[in-house]
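Novice: The structure is given below, and queries will be raised subsequently.
The values are calculated or read from the model by the stated rules, or taken from the named source; none is laboratory data. In this text the structure is predicted, and so the values were computed from the model without any measurement. Glycine also receives a Cβ, built like all others from the backbone with ideal geometry; neighbour counts cover every protein chain displayed. With ligands, DNA and RNA removed, areas are computed over all heavy atoms of the protein, side chains included. Shrake-Rupley method; radii C 1.70, N 1.55, O 1.52, S 1.80 Å.
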Amino acid sequence: MGIASPSRRSFLSAASAGALVAATGPLLGACGNDGGSGAGGKVTLEFWNIATTEPQKTQYPKVVQAFQAANPNVTVRMTALENEAYKAKMTAQTTSGKLPDIFVSWGGGVLKQQVEAGLVEDLTRRAADLSATLNPLSMEAYRFDGRLYGIPYDMGMVGFWYNKRLFAKAGVKQPPATWSAFLDAVRRLKAAGITPIALAGKEKWPGHYYWSYLAMRIGGGAVFEQAETSRDFSAPVFVDAGRRLKELADLQPFQQGYQGAGYPTPGGQAALMGTGRAAMELMGQWAPSVQEDAGGDLGADLGFFPFPTVEGGKGTLTEVFGGGNGHALRKGAPKEAMDFLRFFLNAENERMFVSSGAFMPVVKGAESAITDPNRKQVAQAMTGATGFQLFLDQAFAPAVGQQVNDSVAELIAGRATPEQVTRSITQAARTQ
């Protein structure tokens with residue numbers, strides 16, 4: 001993901017199409033109509049999102065209801081889908097050429113593909129005043145050839161969320177700053193009878209975070225831009241990233257049965273972390289809220305540290321990997337759709353989203369409202385970032401991003417070598 005995200009996501013989990021939740025209306029049978037205009041000036045907007053976990057599951061209907069109260073001529077039909085089901089449904093809708101009026105987007109290669117197909121509204125002019133109030137970094141994933149095609153509402157980074165109590169129990173006195181120190185911490189945790197890392201192996205995207213960050217720390221923040229341009233992932237930096245990840249996997253740091261584990265599901269990655277049954281998870285800014293929604297809350301025992309540097313590598317801690325959530329509009333969407341995006345980011349809603357702990361702010365200055373020390377650390381890292389890389393399964397074309405997820409999952413499971421991973425991704429890139 002991305003920013004599955006992330007959430008990714010967004011950012012953020014795998015499930016079947018049966019996990020769809022329609023908050024204010026049925027799943028669309030058709031999208032991309034005449035804008036939903038009806039008799040008497042009435043307008044119906046189709047709004048697809050991924051708000052299936054708290055607090056978004058409760059917040060989004062409130063925003064929709066408030067918008068409708070202020071705009072009685074508009075009806076917003078909201079459809080919330082779990083992350084992986086959402087991506088699958090949007091792929092089908094993109095193929096059919098019919099997108100909903102308003103839809104969640106993580107930007108990057110997926111959105112670019114929709115833009116190139118002529119399916120997405122250019123918001124450069126319509127959102128000029130709104131975009132001027134947003135953090136410039138948050139908009140980069142939605143900008144192509146100088147034109148803006150999406151409006152972000154959450155942007156953050158992936159890092160390690162850890163259990164301070166379990167670290168202390170294992171004798172790990174401080175968060176590791178280097179890869180060798182990280183591996184030593186994993187060994188100490190295992191020796192103390194503690195599961196070092198929770199991983200949603202079934203969903204694959206959480207695993208690609210490790211390989212991606214290792215490549216950045218070894219080769220520097222620009223390695224993926226260069227590889228995407230050349231369509232070649234066979235450089236030594238990527239092989240080395242695979243070898244480092246295999247070094248970690250060989251320590252068997254993940255929970256038993258991780259290959260069948262989901263992310264927010266009962267017994268999944270977030271639940272294991274939140275209930276103190278694992279010491280770490282590598283996840284985005286949404287991690288604490290998903291842990292809580294999955295039944296766990298570490299409170300003051302929860303800490304955060306950035307992905308460690310690799311000794312001898314060119315990368316720095318200020319080069320971050322992550323993403324967030326945003327909204328895009330289908331080509332020809334009615335003006336009320338843009339009105340809704342403005343309303344979504346008004347001061348009252350921004351305060352609600354930020355104070356809930358679910359999102360990192362994108363409005364300039366709003367980070368000052370954050371009181372949680374972990375979230376402050378994420379916000380400060382984003383503000384001071386010297387480089388940024390969007391989740392690979394969003395930054396690249398869908399087929400390439402999926403190959404990254406699949407190949408890295410095979411590497412972690414011991415079914416592929418570092419060299420095989422780079423060959424598979426390169427082949428996928430060259431067939432685009």
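Novice: Just for the range 412-426: of the residues that are more than 25 Å from the chain's Cα centre (by Cα) and in a helix (DSSP H, G or I), which one is surrounded by the most Cβ atoms within 10 Å (Cβ to Cβ)? Working first, answer last.
Specialist: Our first condition is that a residue be more than 25 Å from the chain's Cα centre (by Cα); within the range 412-426, this holds for 414-417, 419-420, 423.
Add one more test, that the residue is in a helix (DSSP H, G or I), and what stays is 419-420, 423.
On the way: Glu419: 13, Gln420: 14, Arg423: 16.
Among them, the one singled out is Arg423.
Yes/no per residue for (1) over 24 Å from Gly109 (Cβ atoms); (2) modelled with pLDDT of 95 or more:
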{"site": "Pro308", "(1), (2)": "yes, yes"}
{"site": "Gly313", "(1), (2)": "yes, yes"}
{"site": "Gly332", "(1), (2)": "no, yes"}
{"site": "Arg351", "(1), (2)": "yes, no"}
{"site": "Ser356", "(1), (2)": "yes, no"}
{"site": "Gln389", "(1), (2)": "no, no"}
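Novice: Quick check on my filter: what residues within the range 271-306 are more than 18 Å from Lys376 (Cβ to Cβ) and in a loop (DSSP other than H, G, I, E, B)?
Specialist: Thr275, Gly276, Arg277, Ala278, Ala279, Ala294, Gly295, Gly296, Asp297
Novice: Next question, about the same structure. Just one of the numbered conditions (1) at pLDDT below 90; (2) touching a Lys or Arg at 6+ places or on another chain (Cβ under 8 Å); (3) part of a helix (DSSP H, G or I) is not true of Met338; which one?
Specialist: If we test Met338 against (1) at pLDDT below 90; (2) touching a Lys or Arg at 6+ places or on another chain (Cβ under 8 Å); (3) part of a helix (DSSP H, G or I), just (1) comes out false.
Residue by residue, here is whether (1) under 29 Å from Pro206 (Cβ atoms); (2) among the hydroxyl-bearing types (Ser, Thr, Tyr); (3) surrounded by fewer than 18 Cβ atoms within 10 Å (Cβ to Cβ) holds:
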{"residue": "Phe307", "(1), (2), (3)": "yes, no, no"}
{"residue": "Gly312", "(1), (2), (3)": "yes, no, yes"}
{"residue": "Val320", "(1), (2), (3)": "yes, no, no"}
{"residue": "Ala328", "(1), (2), (3)": "yes, no, no"}
{"residue": "Phe340", "(1), (2), (3)": "no, no, no"}
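Novice: Could you count how many residues in the range 111-137 are in a helix (DSSP H, G or I) and either open to solvent by 60 Å² or more (accessible area, probe 1.4 Å) or of a type outside the set (Val, Ile, Thr) (or both)?
Specialist: Initial filter on the range 111-137 (in a helix (DSSP H, G or I)): 111-116, 128-131, 136-137.
Retained after the next criterion (residues that are either open to solvent by 60 Å² or more (accessible area, probe 1.4 Å) or of a type outside the set (Val, Ile, Thr) (or both)): 111-114, 116, 128-131, 136-137.
So the answer is 11.
Novice: Right, something else. Output the residues belonging to the range 250-270 that are buried (at least 17 other Cβ atoms within 10 Å of the Cβ), more than 18 Å from the chain's Cα centre (by Cα) and assigned to a helix (DSSP H, G or I).
Specialist: Within the range 250-270, Tyr258 is the sole residue that qualifies.
Novice: Same structure, new question: Could you check, for the range 117-129, whether at least one of its residues is in contact with a Pro (Cβ under 6 Å, 6 or more places away or on another chain) and modelled with pLDDT under 95? Outline the logic, then answer.
Specialist: So in the range 117-129, the residues in contact with a Pro (Cβ under 6 Å, 6 or more places away or on another chain) come out as none.
Looking for residues that are in contact with a Pro (Cβ under 6 Å, 6 or more places away or on another chain) and modelled with pLDDT under 95, one finds none in the range 117-129, hence no.
Novice: Output the qualifying pairs, or none if there are none: Cβ atoms under 8 angstrom, residues six or more apart or on different chains, first residue in the range 166-193 and of a type in the set (Asp, Glu), second residue part of a loop (DSSP other than H, G, I, E, B).
Specialist: So the pair list comes out as Asp184/Pro176.
Novice: Within the group Ala416, Ala369, which residue is in the same structural domain as Glu54 (by TED's automatic domain parsing), of a type in the set (Gly, Ala, Ser) and over 20 Å from Gly323 (Cβ atoms)? Break it down into steps so the answer makes sense when it comes.
Specialist: Details: Ala416 fails: in the same structural domain as Glu54 (by TED's automatic domain parsing).
Every option except Ala369 fails the conditions.
Novice: Identify the single condition in (1) farther than 22 Å from Met139 by Cβ; (2) at pLDDT below 95 that Trp106 does not satisfy, given that it satisfies every other one.
Specialist: (1)
Novice: Residues of the range 271-296 being at pLDDT 95 or above, open to solvent by 10 Å² or more (accessible area, probe 1.4 Å) and either of a type outside the set (A, V, I, L, M, F, W, C) or in contact with a Leu (Cβ under 6 Å, 6 or more places away or on another chain) (or both), which ones? Spell out the reasoning first.
Specialist: Taking the range 271-296 first, the residues at pLDDT 95 or above are 271-283.
Of the ones still in play, those that are also open to solvent by 10 Å² or more (accessible area, probe 1.4 Å) are 272, 275-277.
Those that are at pLDDT 95 or above, open to solvent by 10 Å² or more (accessible area, probe 1.4 Å) and either of a type outside the set (A, V, I, L, M, F, W, C) or in contact with a Leu (Cβ under 6 Å, 6 or more places away or on another chain) (or both): Thr275, Gly276, Arg277.
Novice: Sticking with this structure for a sec: For the range 77-102, how many residues are surrounded by 22 or more Cβ atoms within 10 Å (Cβ to Cβ), assigned to a helix (DSSP H, G or I) and at pLDDT 90 or above?
Specialist: 1
Novice: Okay, next question. Looking at this structure, is Phe388 open to solvent by 30 Å² or more (accessible area, probe 1.4 Å) and not in a helix (DSSP H, G or I)?
Specialist: On the way: open to solvent by 30 Å² or more (accessible area, probe 1.4 Å): yes; not in a helix (DSSP H, G or I): yes.
When the stated conditions are applied, Phe388 passes them.
Novice: What's the number of the condition Pro175 fails, among (1) crowded, with 20+ Cβ neighbours inside 10 Å; (2) part of a loop (DSSP other than H, G, I, E, B); (3) touching a Phe, Trp or Tyr at 6+ places or on another chain (Cβ under 6 Å)?
Specialist: (1)
Novice: Let me ask something else about it. Of the conditions (1) crowded, with 16+ Cβ neighbours inside 10 Å; (2) assigned to a helix (DSSP H, G or I); (3) in the same structural domain as Pro100 (by TED's automatic domain parsing), Phe359 satisfies every one except a single condition; which number is it?
Specialist: (2)
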